[in-house]
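The values are calculated or read from the model by the stated rules, or taken from the named source; none is laboratory data. For clarity, every value in this text was computed on a predicted model and none was experimentally measured. Note that we place each Cβ from the backbone using ideal geometry, even for glycine, and neighbour counts take in every protein chain shown. Calculation scope for accessible area: heavy atoms of the full protein, side chains included, ligands and nucleic acids excluded. Shrake-Rupley method; radii C 1.70, N 1.55, O 1.52, S 1.80 Å.
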Amino acid sequence: MSAICIKDARFAISERHQLHIPELNLEQGQCWTFVGANGSGKTALARALAGELKRTQGEAEYGFASTEWVSFEQLQQLADREREQDESDLLDAQDDGHSARQIILEGGHDANELAELAERFGISSLLDRGFKYLSTGETRKVLLCRALLSHPALLVLDEPFDGLDVNAHNSLMTLLAELVAAGQTLVLIVNRFEELPDFATHLGLLAECELAQAGPREQVAASAELQQLHHLAALEASTQALPPADPDAERRELDANTPRIIMRDMRVSFGDKVILNGLNWQVNPGEHWQIMGPNGAGKSTLLSLVTGDHPQGYSNDLTLFGRRRGSGETIWDIKQHIGYVSTTMQQDYRVTATPRAVILSGFFDSIGVYQQPGDAQLKLADQWLALLGMTAQANEPFRNLSYGQQRLLLIARAMVKHPPILILDEPLQGLDTLNRHWVKRWIDLLVAEGSTQLLFVSHHQSDAPGCISHRLSFVADGEGGYHYPCETLQKA
């Protein structure tokens with residue numbers, strides 16, 4: 001007997017969009033994996049299976065005693081809550097907010113069982129740290145621990161592997177395989193074809209907010225629809241070109257000899273926690289860097305120093321674009337040279353805006369648009385929307401779009417002014433295979449113009465675009481710290 005049985009049902013995603021499930025029978029003990037492009041309805045499907053979407057048509061029967069759902073949206077809600085409850089200004093001191101332990105145990109879970117699970121996930125040392133200070137991968141582990149402690153009859157994981165480093169990815173895959181082997185009913189929503197687990201018994205394929213294929217793994221894997229997605233993901237867009245830079249923009253040109261970034265013996269700490277210690281790094285003209293390291297190693301802290309957003313940049317030997325930090329430069333003197341996107345930026349992009357406005361804000365280095373854009377900028381924003389395939393969504397609320405669509409818009413925002421330095425912190429997180437391919441292609445096209453250098457953070461070496469010439473690694477020293485080897489890569 002099916003634990004979930006859905007027939008010709010529609011679920012309301014928004015006033016204008018609905019998810020259509022022609023038929024789905026999900027039985028106890030099965031492991032389903034669903035794949036689809038950004039905006040195809042994957043998260044809506046997860047919410048429908050968790051009973052969190054209103055059904056407007058058809059039949060749906062739910063037989064599971066309990067369901068837990070873990071998603072990027074939940075992470076966003078927790079981040080918003082921590083931000084809203086922050087009383088640092090009132091206390092005239094740093095408000096650490098809820099600890100990871102408090103977040104996990106909010107549902108009244110067993111503290112002893114948490115200790116065992118935290119050890120398995122490698123987050124025991126993080127339990128008493130403020131949740132808002134954890135990296136993306138660390139927060140993902142916290143949410144997974146919280147869900148597993150509920151012992152749900154149905155566990156739904158929306159993009160569980162995004163934001164995890166290689167070791168954490170492998171550890172989670174092993175754990176999920178063990179759960180399935182023990183009888184756990186599991187639903188995975190994934191973007192990468194290579195993340196289809198061997199232990200998945202059933203597959204589903206979504207397209208344009210409809211469950212187009214669903215059934216036993218072998219049956220769906222052999223379908224023409226899935227084969228077509230694989231084919232498209234492998235195609236090269238050899239004739240594709242990016243929209244040009246704003247012809248009316250005025251910016252200080254960087255010379256061909258001055259190092260873009262110089263860091264000498266950098267030390268950054270938060271309380272008694274040392275984040276960076278003894279880092280030396282120099283980015284010269286023409287170099288494109290990949291930055292690698294485990295969750296929580298300090299990669300995002302490093303980037304915040306480069307963007308001028310970290311206050312400890314003033315107390316260190318840091319030179320950006322030829323000017324020593326603290327020599328009288330403004331934050332805008334730094335940001336005019338930078339295009340930037342990260343998971344934190346996506347969480348912080350809370351203003352009411354349309355996709356067109358999000359792209360336009362990249363011309364002004366702002367969160368939102370507060371001045372009248374020129375005709376050339378408006379035209380370029382529409383060209384970027386067409387490139388993203390989002391012309392029809394140009395005037396919809398940004399927050400109503402899927403996580404992957406939001407990420408694509410923020411990548412376009414970072415690239416729109418063809419910046420001297422493009423900083424991408426896990427840019428492919430939340431994107432499906434085809435969109436990962438296009439984004440990497442766009443990066444290579446932008447860099448090939450010769451005026452943009454790349455700083456690229458990713459846990460997956462395969463995510464790095466072909467232009468990468470150097471690598472900075474965060475390598476654990478075995479004593480709780482890191483050292484930072486740099487290497488020049490040999491081109492194939």
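Key figures
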read-out	value
Surface accessible to a 1.4 Å probe, per residue, for the residues of the stretch 242-282, Å²	62 Å²
Accessible area of the stretch 91-230 divided out per residue, in Å², using a probe of 1.4 angstrom	42 Å²
Residue-level accessible surface for Asp365, protein heavy atoms, 1.4 Å, Å²	40 Å²
Heavy-atom accessible surface of the stretch 1-48: percent carbon and sulfur, 1.4 Å	42 percent
Rounded, prolate or oblate (a/c below 1.5 giving rounded, otherwise prolate when a/b exceeds b/c) for the stretch 38-115 by Cα gyration tensor	oblate
Angle between the chain longest axis and helix 166-181 axis [Cα atoms, degrees, rounded to 10]	0 degrees
Cα-based shape type of the stretch 417-460, given that a ≥ b ≥ c are square roots of the gyration tensor eigenvalues and the cut on a/c is 1.5	oblate
Reach of Lys132 by Cα under 17 Å, taken over lysines that are not fewer than 8 positions away in the same chain	Lys141, Lys273, Lys299
Where N is the number of residues in the chain, Cα Rg divided by 2.2 N^0.38 Å	0.99
Protein accessible area in the stretch 73-224, 1.4 Å probe - carbon and sulfur %	47 percent
Euclidean distance between Cα centres, the stretch 1-79 to the stretch 426-462, Å	31 Å
Check: the stretch 308-347 dipole with +1 on Lys, Arg Cβ and -1 on Asp, Glu Cβ, in debye	60 debye
Apportionment of accessible area to carbon and sulfur, the stretch 341-400, percent (1.4 Å)	50 percent
Part-to-part distance (alpha-carbon centres) for the stretch 367-398 and the stretch 272-335, which is given in Å	31 Å
Longest to shortest principal axis, alpha-carbon extents of the stretch 12-59, angstrom	35, 26, 18
Proximal aspartates and glutamates relative to Lys440, as straight alpha-carbon distance under 18 Å, when same-chain residues fewer than 8 apart are discounted	Asp162, Glu194, Glu236, Glu287, Asp425, Glu426, Asp432, Glu449, Asp463
Ala212 long-range amide H proximity, modeled H, under 5 Å	Leu205, Leu206, Ala207
Built amide H within the under 5 Å cut-off of Leu489, gap 5+	His470, Arg471
Directionally averaged projected area (convex hull, Cα atoms, the stretch 325-461), nm²	9.1 nm²
Förster-model FRET efficiency, 51 Å R0, Gln282 and Ser66, C-beta, rounded to 0.05	0.40
Value of [θ]222 nm, deg cm²/dmol, for the chain, DSSP H segments ≥ 4, -39500 (n - 2.57) each, nearest 500	-9500 deg cm²/dmol
Cα-only radius of gyration and Dmax that characterise the stretch 313-357, units Å	14.3, 40
0 to 90° range, to nearest 10: angle between helix 403-415 axis and the chain longest Cα axis	10 degrees
Cα long-axis angle, helix 433-448 against the chain (0 to 90 degrees, to the nearest 10)	10 degrees
Glu116 accessible area, 1.4 Å probe, all protein chains in place, Å² to nearest 10	140 Å²
Tensor-based shape of the stretch 346-395 (alpha-carbon gyration tensor, a/c under 1.5 rounded, otherwise prolate or oblate)	oblate
The stretch 286-408 - accessible surface per residue (Å², probe 1.4 Å)	39 Å²
Charge dipole magnitude, Cβ of K and R +1, D and E -1 - the chain, Cα centre, debye nearest 20	840 debye
Of Ile421, Cys486, Ile411, farthest towards positive along the dipole that unit charges on Lys, Arg, Asp, Glu beta carbons give the stretch 362-492	Ile411
Calculated FRET value between Ser462 and Glu59, using beta carbons and R₀ = 56 Å, to 0.05	0.85
Cα Rg over Rh - the stretch 1-143, Kirkwood	1.06
Accessible surface of Trp281 - all protein chains present, 1.4 Å probe, nearest 10 Å²	10 Å²
Most positive-pole-ward Cα, Gln102, Gln372, Gln213, against dipole of the chain from beta carbon charges	Gln372
